[in-house]
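Contents: one structure, followed by commentary.
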Amino acid sequence: MLREMAEMTRRINREICIYLGRDGSVLEVVVGRHDRVNLEVWTSRRGLSRLSGVRLIHTHPGGNPSLSEMDEHTLRKLRLDALGALSTEEGRELLCVGYAAREGVKLLGPFPLAGLPHDELLDAIRAADEEVRFEVGRADGAAERAALIGCGPDGGGGESSLRELENLADTAGAETVHRVFQKRPRPDSATYIGSGLAEELAMIYQKLKVDVCIADDEITGAQARNLEAVLGVRVVDRTALILDIFAQRARSREGKLQVELAQLRYRLPRLMGAGTAMSRLGGGIGTRGPGERKLEMDRRLIRRRIFDLEEQMKEVSRQRDSQRQRVKKNEVPVAALVGYTNAGKSTLLNAMCGSDAFAEDKLFATLDPLKRRLSAGEGGEVLLVDTVGFIHKLPHSMISAFRSTLEEAKHADLLVHVVDATSPEYKHQMTVVRDVLEELGAGDKPQIIAFNKADALPSREEIEKPDVPFYFISAKRGIGLQPLADAIREALGALQREVVLEVPFAKGAVLAYLHENGKVLEETYTETGVSVRALLGGDAVKRARALLAGGAGGQSAKP
Ligand SMILES: Nc1nc2c(ncn2[C@@H]2O[C@H](COP(=O)(O)OP(=O)(O)OP(=O)(O)O)[C@@H](O)[C@H]2O)c(=O)[nH]1
Ligand SMILES: [Mg+2]
């Protein structure tokens, strides 16, 4: 067979690649180009830490009989029993064989075809099979090596989106080794980026030993499969990456339920047919579930699990609702900190409430809503709630999966929109946040904007002034927090503010108005009229003042 392979390679000047099972049967034949071959992935049903039970022999057109660096990478990545490289120079055919050993890859040969040490080779493989254990995840235990691809029209912010994707990859624990953005009006329906570019990338990825390719947009299952076939590496998209981060970070029961649900809903339409086992190879981005639960289930099981999770979520939602009702009854106003991921929401919550929410220079540090009492300032009790950060290209399926967390924003009385003012993308990020709030039905809540990280901001003049109240703060350095806290209290108070109004006897109608439209707490009779302490909504205060000011003998009211 080796002679035939050499002969054929000389004729077509292309690599030929044959996969063999342990019984010697041919599992697959692949013909590549002159200088490379697309390595299909074969995994038998053995554990991911064991040798795969597959041997691969391929030809090197020309006279090089040894294993290339790429060959060795392939050997470990596919956990092959052995990988043979056959040099095909006529009359001088030589076979070199590599196999996995505990200390890395061992090489035997090159041997002339007439003198192959069959027994020695088989013994070596048998020994390796006993002792070699691969780390699940990456064969060599290092960080996953990621390559990023994105495409879109010129000037569509694709580059900065790709930078953010790199940040996300970093958060997920992967190292970005390659990045490419292709300008095109719209993604290719079959391969997302152009197929020509994909073929070029395949070469580069092999050289750079890329483990996973991440697309900056949500792609279809078919696009992912087509790309995998060309690129020869696992392909995931932005959504899978975000879900992976969520999976690593979810702590509370509710957070875990939400993440698992979102992951399964994302996976269901993307399940691959049997045999394409690429996504099962090792661990890494897109394969982790909450608590490192492996996401390997078939369709039927997934459907059942989704149903289970939905039922559990309903229960959690009910509990959360009744909790909210209790808070409402106590009339404790709630302000929700919302904003783009990494804006500094958790840091602000900690600074303003003297608490210790988890804050980190990573994206999506916070997954679970956290409520704390606002400590600074006078007046009634106010609750602040931290929320999950928003991000652009957040797919709709995820918004619905995280609805119960995001609903904290919807049920809050006031939104404090925290903005990382030092981000070159701050305007775009603000738009994203507004859009998500809109989608949640919280678009018209009263808002205060907190431009955060003012300590690291070169010039406040550069920041475009919004048309809602705004404050420059530094959550980390504790700058400008008191004015912000006051503003929060005041804005919340406007909803049901305690005011004292001096109502002259001549304006008896105002008294009636206060009783009807607010909650009168105390009435004290003075020489000229009644001093009323009452809880009033913002509009009611305005109206009462107007009534007091209007007409003869009007006396100004003191708030
Ligand atoms: N320079 C500076 N850095 C800040 C400030 N506030 C927060 N940071 C940093 O910004 C990073 C993100 O802070 P977090 O509070 O985790 O941000 P978050 O909005 O809660 O992020 P997610 O939970 O991931 O959505 C951390 O490294 C903080 O130390 C600030 O006022 N100035
Ligand atoms: Mg946070």
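A short reminder: the numbers here are calculations on the coordinates, not readings from a lab. Worth saying up front: this structure is predicted, and the values here are computed from it rather than measured. When we count neighbours, we look across all protein chains shown, and the Cβ atoms used for this are built from the backbone with ideal geometry, even at glycine.
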> So how much slack lies between D170 and D129, counting 0.36 nm per residue of separation and subtracting their Cα-Cα distance, in nm?
Replying inline: 11.4 nm
> Gain in length, R304 to T220, computed as 0.36 nm per residue apart minus the alpha-carbon separation, to one decimal in nm?
Replying inline: 27.9 nm
> So, in Å, what gap is there between the alpha-carbon centers of the range 411-440 and the range 465-480?
Replying inline: 14 Å
> So, in nm, how far is label M1 from label T431 when the simple model puts each one 7 Å beyond its Cα toward the Cβ?
Replying inline: 5.9 nm
>> Cut-off is 10 Å between beta-carbons; in what order do R489, R265, R460, R11 appear when sorted fewest neighbours first?
In response: R11, R460, R265, R489
> Over the range 496-549, what relative contact order in percent results from Cα pairs under 8 Å that are six or more residues apart?
Replying inline: 46 percent
> Quick one: if the Förster radius is 41 Å, what FRET efficiency do R477 and R318 give, using the C-beta to C-beta distance and rounding to 0.05?
Replying inline: 0.50
>> Report, in listed order, any pair from K256/K465; K207/K427; K314/K410 with a Cα-Cα distance greater than 27 Å.
In response: K256/K465; K207/K427
